[in-house]
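Here's the structure, in C-alpha cells; my notes come after.
The values are calculated or read from the model by the stated rules, or taken from the named source; none is laboratory data. If you're wondering where the values come from, they're calculated on a predicted model, not measured in any experiment. Please note: Cβ atoms are built from the backbone with ideal geometry, for glycine as well, and neighbour counts cover all protein chains shown. Remember, those area values only see protein heavy atoms, side chains included, never the ligands or the DNA or RNA. Shrake-Rupley method; radii C 1.70, N 1.55, O 1.52, S 1.80 Å.
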Amino acid sequence: MNNFEKMLTDDNYLVLKFFLHLSPEQQKKNIAKNAKTLGKAWRDLNPAIDESEDYDKFLPHYEKMLEATDTVNAPWHLIADDDPRSARLEVFTKIADAIEKAVQMPVEPAADKRTAATYDVLSTIDANKELTKEEYKEKLDKYQKKLTQLQIEMFKAQIPVVIGFEGWDAAGKGGAIRRLTAALDPLGFHVHPIAAPNVVEKQFHYQWRFWTRLPQPGTIAIFDRTWYGRVMVERIEGFAKPQEWQRAYDEIKDMEAQWSEHGIAIAKFWLQIDKDEQLRRFNDRQNDPNKQWKITDEDWRNRDKWDAYEAAVNEMLVRTDTSYAPWTVVEGNNKYYARLKVLKTVIDLFERKLAEKHQ
C-alpha cells in the first residue's frame with residue numbers, strides 16, 4: 001500500500017487519507033440513531049454493528065494500520081468524530097488547504113541520484129543458435145501437445161498466467177505468439193497487442209492499462225509489447241521524463257511482485273536478433289507485397305536509434321530480472337530455435353507452478 005501510494009504521489013497525484021475516530025460510547029449512540037431511522041434493515045446494511053460489539057478487538061488493528069501507512073507523501077489525518085459538525089469542518093478545511101498548497105507548489109524534476117553504471121547483457125548472447133527444419137517440426141508438435149495438456153491442468157488448478165513479449169522490431173514476436181497460442185484452447189487465453197496509449201489510457205497512470213488486463217484464475221494473458229515500454233520507447237523518445245522512467249524499474253518490480261504473491265505465474269521474453277538480421281528482415285518485408293504492412297517509417301527510425309535502445313534494454317534486463325518474474329533472452333536469428341525456446345520455457349513454467357501448487 002505504501003509503495004502504491006508513493007507511485008501515485010511520485011506521478012503528482014495528491015493523496016489524502018482520513019480516519020474518523022469515534023469513542024465506543026459515541027459509536028453505539030450513532031448506531032442506535034441510525035437503526036431508529038432506518039428500521040430493521042439497518043442491521044443488515046451496516047458492518048459497524050460487528051465492530052461495536054467488540055470495539056477493543058478492532059482498535060489495535062486500526063492503530064497498526066495507521067502507524068504502518070502514515071507516510072510523508074501520503075499522511076493520515078486523524079479526525080475526532082464524536083462531534084460530526086466539527087469533524088466535517090476539519091475534513092473540508094484539510095482538503096481545501098492541501099489542494100491550495102498542491103496547486104501553488106511548482107513541479108520540479110526529481111534529482112537523479114543514481115551513480116553511472118554500465119549494463120551489458122546482450123553482447124554475451126549468441127543470436128545465431130541453429131535448428132534444422134526437421135528438428136523444428138518434430139519438437140514443435142511435441143511441445144504443442146504438451147502445452148495443450150498443461151493448459152487444462154493449469155485451469156483445473158486455477159493458476160492465472162501472464163506472458164510478456166518484448167524484442168527488436170522484426171524479431172519474431174508475432175510468430176512465437178502464434179505457435180504458442182496454436183496449442184491453447186481459445187477460451188482460455190487472450191492476446192493483448194500493446195500500442196501507444198489511447199486518449200483514455202493517457203488519463204491514467206501508465207500501469208493502469210495492464211492491471212485492467214490481468215487474467216482470471218486458470219486463464220492466460222499474453223502481452224505483445226508490455227509495461228516495459230516505460231523504460232524503452234518512452235525513455236528513448238522522450239515520452240517519459242527522466243525521473244519518471246528512472247523510478248519505473250522499482251515500480252514495475254513491485255507490480256510484478258504483487259502479481260506473483262497473488263498467485264500469477266509470470267514469463268517475460270526478450271527476442272534478440274542482431275542488426276544485420278533485422279536489416280535482412282526489413283528488406284524482405286519492404287519487397288514483399290504481402291508483408292509490406294508490417295514495415296513502417298517508424299521501424300526505420302527506431303533502427304537508427306539502435307545503440308540507444310540497446311543501452312535501455314541492457315539496463316532493463318539487469319534491473320528487472322527477479323526470481324518471481326525472470327527474463328528469458330531468446331536467441332532469435334533462427335526463428336525455429338526462437339519459437340521452440342519460447343514454448344519450452346512456458347512448459348517449464350507451467351510444470352513448476354503445478355508442482356508448487358500440489359506440494
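Select from the stretch 7-41 the residues that are over 28 Å from Ala74 (Cβ atoms) and either under 33 Å from the mean Cα position of the chain (by Cα) or among the hydrophobic types (A, V, I, L, M, F, W, C) (or both) and write down the one among them that is surrounded by the fewest Cβ atoms within 10 Å (Cβ to Cβ). Once the filter is applied, the top-ranked residue is Ala41.
I want to confirm something. Restricting to the stretch 222-259 and keeping residues that are of a type in the set (Phe, Trp, Tyr) and within 18 Å of Asn3 (Cβ to Cβ), which single residue is most open to solvent (accessible area, probe 1.4 Å)? It comes out as Trp245. Residues that are among the acidic types (Asp, Glu), outside any loop (DSSP other than H, G, I, E, B) and either over 30 Å from Phe4 (Cα atoms) or touching a Pro at 6+ places or on another chain (Cβ under 7 Å) (or both) do not occur anywhere in the stretch 121-131.
Sort through Asp70, Asp44 and tell me the only one that's modelled with pLDDT of 90 or more and out of contact with any Lys or Arg (no Cβ under 8 Å at 6 or more places or on another chain). Of the residues listed, the single one that is modelled with pLDDT of 90 or more and out of contact with any Lys or Arg (no Cβ under 8 Å at 6 or more places or on another chain) is Asp70. Under the condition of being more than 15 Å from Gly175 (Cα to Cα) and of a type in the set (Lys, Arg), which residue from the stretch 266-303 is surrounded by the most Cβ atoms within 10 Å (Cβ to Cβ)? The residue in question is Lys268.
Out of all the residues in the stretch 321-329, is one or more touching a residue at least 12 places away in the same chain (Cβ under 8 Å), surrounded by fewer than 17 Cβ atoms within 10 Å (Cβ to Cβ) and among the polar types (S, T, N, Q)? Looking through the stretch 321-329, at least one residue is touching a residue at least 12 places away in the same chain (Cβ under 8 Å), surrounded by fewer than 17 Cβ atoms within 10 Å (Cβ to Cβ) and among the polar types (S, T, N, Q).
Inspection of the stretch 309-316 identifies at least one residue that is within 23 Å of the chain's Cα centre (by Cα), small (Gly, Ala, Ser) and open to solvent by 20 Å² or more (accessible area, probe 1.4 Å). The single condition among (1) open to solvent by less than 20 Å² (accessible area, probe 1.4 Å); (2) touching a residue at least 40 places away in the same chain (Cβ under 8 Å); (3) out of contact with any Ser or Thr (no Cβ under 6 Å at 6 or more places or on another chain) that Glu351 does not satisfy is (1).
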